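Encoded as structure tokens, the structure appears first; notes follow it.
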Amino acid sequence: MIEQLCASIDLGSNSFRLLIAKTINTPNGYQIIPILNARKQVSLASGLDEDNILDKESIQRAADAFSYFKHKIQAVNKDKVFIVATSTFRIAKNIKILIDKGEEILGVSIQTISGLEEARLIYLGTSHTAPHTDLNRLVIDIGGGSTEFILGHYHKPLLCKSANIGCIGISNMFFKNEYSENNFNQAILYIKNNTIDIVNDFKKQIWNQVIGSSGTARILAYLACELGNEEEYLLTRNGLDIIKNYLISCQSLDNVKLKKINQQRIVILPGGLSIMIAIFEELNIQTMYIQEGGLRFGILYENLDSIEHNDVRDISIDSLQSRFYMNILPIEQLLIVGDYFATELGLNKTEVKFLNWALKLHQIGSYISADAIHKHSAYIIQNSILPGFYSQEQIMLCNLVLGQKGSLNKLSADFIIQNKDIIMCLRLSIILLKNSLLYQYKNFKISTSKNGYTINTLPNLSNILYEEEKYWKKVNIEYNLI
């Protein structure tokens, strides 16, 4: 396992953001593990005049952010620090002053990227951290100065578009004085009219997952949760309506009282909300998953020569396994045994994946204690960051590992019914491992009956399976040993 320290800095129109991370090279590709996230709100786009000249105040705010980041990245080799600049850097006529100042302070070159390149990198980062899907995903990133639309499959972007519409410009244009239904209607109509070509291109496409990768999406999801009890990491049309109605009821910025959101972020909130509503309506989006940090992660994956791999979840499992030194187990032989039992019971492709992941991670809890390893293993899985996993999938994996031994009553009845075949394969494989009998796996034949399982084996091997009978019968599943 090769580890290295690296950093990326995203110089956006509203905020400058730093990610310092540890990268782990697993057999399935790189995984990036965040160590530090830092953010400085610079409001760079607000400092542009009508001739696209940055004022001295915004340049100084940016320079202050550079100085702040300089101290944060001291432990990272300069050749592993990557900086990209986006929308405002593309249009400010006097931007060379700021770029020269930034490169002098940080000692690293600053690369100004196009809107399409920004979209591509956003997708690259998001595809490595978002919940897994075998079909196409749509990624939306609403920034301070531009909005990116990306359709992709696995790690490959298929269609990238960038609109010169951001939350700062829309907020300044429509919401400086009041928040009203009319203001929102005008803003949303303006956004739709200025993104019509992009939207028409995407209306021709098909996707089954939508990701919001920006700070705007995260803030909106948080507010929908605070104001309307929506799920914190999901954004829905209902959640957007709740936020809009709240802002209209406030009438102006002075009356907005929101926890954990600073005033600078609230100023540009109605613009970001209007863009999101327009996109939801035009692309008929019902639900959006929130996955922040796409560009910062994309910068690192781009520069680390990441191995192309279809399922990021495999990389997450390999990384977690390596971090807790589980590569010392006879994993390959254990997986062969697991696949054998999976074939016996006819597990489908997805079920086999979860079985293999559970087998790889079933003993990571030994890193905490040799007692109750299954509980410690489940705890680590539940509380780890596992890019590529939906929360439900992570909970499922946690419960499988928890149910690897002992009583099955610690699992819910519904979970057992839905996953009993995986649980059976998992427990049998681990029993053979603990009894040093992995090489004997072909002497065990398992089949299903109407109410449970029948296991055939040699008389001298059956004694290791007797205890299992009581556990399965306590959850009303037959367990016949022949």
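Data overview
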item	result
Inter-residue pairs, beta-carbon under 6 Å, first outside any helix (DSSP H, G or I) and in region 318-337, second at pLDDT 90 or above and surrounded by 16 or more Cβ atoms within 10 Å (Cβ to Cβ), 6+ apart	Phe324/Ile364
Matching option when the condition is farther than 19 Å from Ser127 by Cβ, at pLDDT below 90 and outside the structural domain of Arg218 (by TED's automatic domain parsing), among Leu258, Leu320	Leu320
Number of positions in region 329-350 that are buried (at least 16 other Cβ atoms within 10 Å of the Cβ) and either among the small types (Gly, Ala, Ser) or within 19 Å of Ile455 (Cβ to Cβ) (or both)	10
Which numbered condition Ser162 fails, given (1) at pLDDT 95 or above; (2) closer than 20 Å to Ile290 by Cα; (3) of a type in the set (S, T, N, Q)	(1)
Qualifying residue in region 114-126 (condition: hydrophobic (A, V, I, L, M, F, W, C) and part of a loop (DSSP other than H, G, I, E, B))	no
Matching residues in region 427-475 - criterion: being surrounded by 14 or more Cβ atoms within 10 Å (Cβ to Cβ), out of contact with any Pro (no Cβ under 8 Å at 6 or more places or on another chain), within 15 Å of Leu334 (Cα to Cα) and not polar (S, T, N, Q)	Arg427, Leu428, Ile430, Ile431, Leu432, Leu437, Tyr441, Phe444
Selection from region 427-472 of residues that are basic (Lys, Arg) and over 22 Å from Leu347 (Cα atoms)	Lys434, Lys470
Selection count where residues are under 21 Å from Tyr471 (Cβ atoms) and not charged (D, E, K, R), scope region 378-430	30
Failed item in (1) closer than 30 Å to Ile385 by Cα; (2) surrounded by 23 or more Cβ atoms within 10 Å (Cβ to Cβ), with Pro131 passing the rest	(2)
Number of the exception - Trp207 against (1) surrounded by fewer than 22 Cβ atoms within 10 Å (Cβ to Cβ); (2) within 24 Å of Met173 (Cα to Cα)	(2)
Residue in region 210-220 that is in contact with a Lys or Arg (Cβ under 9 Å, 6 or more places away or on another chain), more than 19 Å from Glu281 (Cβ to Cβ), surrounded by 17 or more Cβ atoms within 10 Å (Cβ to Cβ) and among the small types (Gly, Ala, Ser) present	yes
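So that you can scan it fast, the table gives a plain yes or no per residue for (1) at pLDDT 90 or above; (2) among the aromatic types (Phe, Trp, Tyr); (3) over 21 Å from Gln209 (Cβ atoms):
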residue: Glu308; (1), (2), (3): no, no, no
residue: Asp311; (1), (2), (3): no, no, no
residue: Pro330; (1), (2), (3): no, no, yes
residue: Leu334; (1), (2), (3): yes, no, yes
residue: Gly338; (1), (2), (3): yes, no, yes
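The values are calculated or read from the model by the stated rules, or taken from the named source; none is laboratory data. Since the model is a prediction, treat every value here as computed from it, not as a measurement. All Cβ positions, even for glycine, are placed from backbone atoms using ideal geometry, and neighbour counts span all protein chains on display.
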